[in-house]
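Dropping the structure in here first, questions after.
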Amino acid sequence: MMLLLKVLRIWKNEDINLDKAFKATLSADVYRIHSLPHGGPVVLFRGGGVRTLDVLLEAPQQEIENIISGEVIRWSGAFMEGQQPVLIFTTEKDEDFFVYIQKPKLSSLHKYKLEQQESAKPLCFTAHITNQTVTLLCLYSNDSVYEVLIPLQQDTEEKEEEEEILSKSLLLNLSVSGAVLKGTSLVVLDKDHVAVLGSLAIPGKEPRECLTIWNTKFQTLQTSKELPLGTSGQLWCYEEKFFLIHGKVLTVIMYKCETSSLAAAVGKLKDSQTPDVSSFVNWNTLEDEELVVSFQSQKSVALKAESRMNLRSRRSTVPEEQPKTLSVGELLLNLKDASTYVLETELKKLMAKAPTPDLQATIGYVVTALTDRCKKNPKYYPRNFLQEIAETRDLSYSLCPDLMAVALEKKDMHLLQICLERFPDIPEEVTYACLKTFLSMSEAHLQKIDVNLDSVICYIDVELDNKEFKTEIVENGFSAEMDQDMCDTKIPKENQSRSDGESCPVGLQKAALLNAILHSAYTETFLLPHLKNLPARQAILFLRYLYYLYVKCSEKVNTTLPGIRSPTINQIMDWMCLLLDAQFTVMVMLPEAKELLSNLHKFVRAQVRFYSQLNKIEGSLRELQRLNHLRESQTYSIEVLEII
């Protein structure tokens, strides 16, 4: 789900193009959408109004009340209390902070005022609900966490004239051995644990950003991890996962809270005493990030796989007698200056290991190491190795963001074709760069390149004598004569082959590469600005090919081209419309595009008329189908149906 001001978009997993997802325009600006695992999404508006998503979609233009006046929402959270969703949000006005608790299904609203503190003010909030009581945790600017208890009142539609003032109590001081944690984000993990992201200030040293886990019951620091690549200052928590930006990478860390006890709080709890609680602590996700980024000279790496940790001290989890094994990051760091043969041999061994939860991220590290060496040594390019990895491994653009850039630089058309067909998350800028490269390459050069032709070989024939690309025609009611008769126009014979789309305007190799472009996922809003920069002659050539494919699909009874990974009619039409939107003004001004646009218009108009005629006899065809069902199978008869 995505929100743009008052526009709400909802899409499903099978939706590729965000622009074609369901869209609803709302009557008020939205602050945030909260997702509840068992209660459905809840929408909070900037004016303080709350609606469940199903109620909102029944009437998107319904009036939304303004509950707050002159206040700004600073934080919000959604929870389930029994079967009812509860939404809590805090606001600020003139340095005063207020707390609102709403039950949207019961039209219940309660407002409170937070007790003021002259020496400090709240920086962020988090909350949880236990036994009909809201526990609001507030991180203050004096490096302390305060607790506010708010009992859930009986549901009533009556609103109190004066808000109740909430008192707070000190829960936690964020200081250990003289070091103070300047927190920027706070999340609650369970009733006894919180996570704080911030900067650790040690006297005489530079502040260091770190993620810390605290036991609020025993006032202890449970575990911490330094984040040398820096963060955005934001920490999110959802379904036992941390989400944070580490450097330029979104890092996801799984955690499991253990039973709170004094022994666990000081890291002395033995595994045998709590067999039902995991004692494994693993910060390897962050450690591998740091080593790989160091290997890359501080360049961004792939999206990292999830790692699992629990809230225990790391020192008691790994047996001392266990032999040390190198992590992926350490291995890559050791191979930084290795020879080409040693590098590729070790990387192949790494990929050949048994599948693990982190295998996909490991492959991403391998590709990153190879592309990094390619950039440092222009003469080095393991073409076959990279193609093999891209073709046999389940990769994505985010796992190896430099792979396609290196392939473009090396003019590796086959690798680009594989990436376009397999990667689900290619940025539109990269897709456009590939399209421009494909269109600019000469046919003579492309014929020397090894490209997968499975998507074109079944519907394009090549005659080497005259170098003309011809196709097999299977009529579906769209012959040249019919097109001309319906449009009352005549096409010159010398141009008829190209006008009707019977000859392919590009060679086999270029057609296969363009088909890979058609298969790539994109968002129209982001791709359109790039297509406007496409040179006019390349745009016309691409449109000719799209028109050719459009005609070929229309000739088939099922509007489907034969072959493996052949483009669909929807992909062809979407790209044709997108290209015309981006280049229409330019094409109208070019004389060489006039005939193409005219023929495209005629063909589309012929199709519209043809389907219009089919719609007229739809009722008669349905009646015939009904009679066939009613007819007894034992009898034989000849019936004549007159279609008027």
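The numbers here are math on the coordinates, done by the rules we state, and not lab data. Since the model is a prediction, treat every value here as computed from it, not as a measurement. Reconstructed Cβ throughout: ideal geometry from the backbone, glycine too, with neighbour counts over all protein chains shown.
Quick one: if you stick a label point 7 Å off each Cα along the C-beta vector at LEU528 and ARG208, how many nm between them?
Here the modelled spin labels are 4.9 nm apart.
Continuing with this model, one more query. I need the peptides 181-191, 382-392, 412-422 ranked by packing, meaning the mean over residues of other C-beta atoms within 10 angstrom, with the highest value on top. Could you put the intermediate results ahead of the total?
On the way: 181-191: 19.4, 382-392: 16.8, 412-422: 22.7.
Result, highest mean first: 412-422, 181-191, 382-392.
Taking the highest mean first, how do the peptides 19-26, 444-451, 360-367, 618-625 order by number of other beta carbon atoms within 10 angstrom per residue?
My ranking of the peptides, most packed first, is 360-367, 19-26, 444-451, 618-625.
For THR223, which sequence-distant residues (separation of 5 or more, or a different chain) have an amide H within less than 5 Å of its own amide H, given hydrogens modelled in the peptide plane?
ILE213
Follow-up. On a 28 Å Cα-Cα criterion, which of the cross-link pairs LYS6/LYS111; LYS191/LYS225; LYS191/LYS241; LYS349/LYS448 come out too long?
From LYS6/LYS111; LYS191/LYS225; LYS191/LYS241; LYS349/LYS448, over 28 Å: LYS349/LYS448.
Additional query: For the pair SER69/TYR238, report the inter-label distance in nm, with labels modelled 7 Å from Cα in the Cβ direction.
Here the answer is 3.6 nm between the modelled labels.
Considering amide H positions built from the backbone, and no H for Pro or chain starts, which residues 5 or more places from GLY198, or on another chain, come under 5 Å of its amide H?
Hits under the 5 Å cutoff: THR184, CYS210, THR212.
So what's the net charge close to ALA78: Lys and Arg +1, Asp and Glu -1, counting the other residues with Cβ under 13 Å from its Cβ?
That sum, taken over residues with Cβ under 13 Å, equals +3.
Which whole-Hz ³J(HN,Hα) couplings does region 441-449 yield from phi under the Karplus relation 6.51 cos²θ - 1.76 cosθ + 1.60, θ = phi - 60°, glycine and proline marked x?
The phi angles translate into 7, 6, 5, 4, 5, 5, 5, 8, 9 Hz.
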